[in-house]
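Structure record follows, encoded as structure tokens.
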Amino acid sequence: MPAAPITRDDIVAAHARIAPHVHRTPVMAARVAGFDLGFKFEHTQLTGSFKARGAFNTLLSSPVPEAGVVAASGGNHGAAVALAAVRLGHRAHVFVPEYAGPAKIALIRATGAELTVVPGQYADAAAAARDYEARTGAMQVHPYDAPATVAGQGTCFREWDEQGCDADTVLIAVGGGGLISGALAWWAGTRRVVAVEPALAPTLHEALAHGPDTRVEVGGIAANALGAQQIGHIGYGLARAQGVTSLLVGDDDIAAAQRLIWDELRQFVEPAGATALAALTSGAYRPAPGERVAVLLCGANPAPGPWG
């Protein structure tokens, strides 16, 4: 299945469509761990992650059936779809695996959407969501591999440009590939985009090495946000076409970056939200002299515990 084309015009249209419904998230320039960096605080978005952008764009650009919408999620996507649906007056049913964790489960419940916690892994939640879609006629909202989702996520980078992003290189955490797809579609080679993944969830990394249909076993502290077992076709196509490099970082490095973000920036992010910075603090990414680097902080729904 070839990657669907996402144009800058698609992202401009998505931006106009969702602007009344989502936050314009802040940016900051700061020196952290010896690096002068630009940050975008997308973890301050509605429901604590960038996912609200894609969810609102999907629901505002497609007719929603009377049965409403259904989503399978590790947590953040489900919360975003639930909130968007409820605010726009649609029914929503979200399926999550047990490992989504109590914070994300509570967040989804608080929206008023229906929620089913499924024993097992994300694949089990996805199967339950597909069954619900077949039984009810609800519209499935894909977390990362759909043009409307990607165009919505791309609005984050259009917005960042408006806010004065001057980076040569932007580090972005990758799970299923929706967020980095939005970046690649918007910047289209005008900035270097580097993917960062947990070593225990190397989805894009393995796909780039072995092909787009590669499936991986996933685990580790960021699995409930970056735990897709297979990269999206859109993300794979854009990453391959633009020569994206995927770097791997360990769980200890992610946890250390998470603590550093709190200590230095007083921002509390989940492990997925710290994964991009971990590429710098672990030494996985070493900027060239004079290279301007920016980091996207993408999620703020941690599990219980000081650095869960």
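The values are calculated or read from the model by the stated rules, or taken from the named source; none is laboratory data. Small disclaimer: the values here were computed from a predicted structure and weren't measured. Positions of Cβ are generated from backbone atoms using ideal geometry, with glycine treated the same way; all protein chains shown enter the neighbour counts.
Quickly run through the range 190-202 and pick out the residues that are closer than 11 Å to ALA239 by Cβ and β-branched (Val, Ile, Thr).
Across the range 190-202, the qualifying residues are VAL193, VAL194.
Find the strands (runs of 3 or more DSSP E) located wholly in the range 114-225 whose residues include 1 or more that are aliphatic (A, V, I, L, M), assigned by TED's automatic domain parsing to the domain that holds VAL249 and within 15 Å of the chain's Cα centre (by Cα), and list them.
Hits in the range 114-225: 169-173, 192-198.
Filter the range 228-274 down to residues that are among the hydroxyl-bearing types (Ser, Thr, Tyr) and buried (at least 19 other Cβ atoms within 10 Å of the Cβ), then give me how many there are.
Matching residues across the range 228-274 total 2.
Considering the range 35-59 alone, what residues qualify as being of a type in the set (D, E, K, R) and outside any helix (DSSP H, G or I)?
Residues satisfying the conditions are ASP36, LYS40.
Residue under question is GLY75, and the condition is that it be buried (at least 21 other Cβ atoms within 10 Å of the Cβ) and modelled with pLDDT under 95; does it hold?
Yes, satisfied.
Could you count how many residues in the range 60-80 are assigned to a helix (DSSP H, G or I) and hydrophobic (A, V, I, L, M, F, W, C)?
Adding up the residues that qualify gives 3.
Kindly indicate which of CYS156, CYS165 is surrounded by fewer than 20 Cβ atoms within 10 Å (Cβ to Cβ) and modelled with pLDDT of 95 or more.
Criteria check complete, one pass: CYS165.
Answer yes if at least one residue in the range 262-274 is in a helix (DSSP H, G or I), over 15 Å from the mean Cα position of the chain (by Cα), hydrophobic (A, V, I, L, M, F, W, C) and modelled with pLDDT of 95 or more, and no otherwise.
Looking through the range 262-274, at least one residue is in a helix (DSSP H, G or I), over 15 Å from the mean Cα position of the chain (by Cα), hydrophobic (A, V, I, L, M, F, W, C) and modelled with pLDDT of 95 or more.
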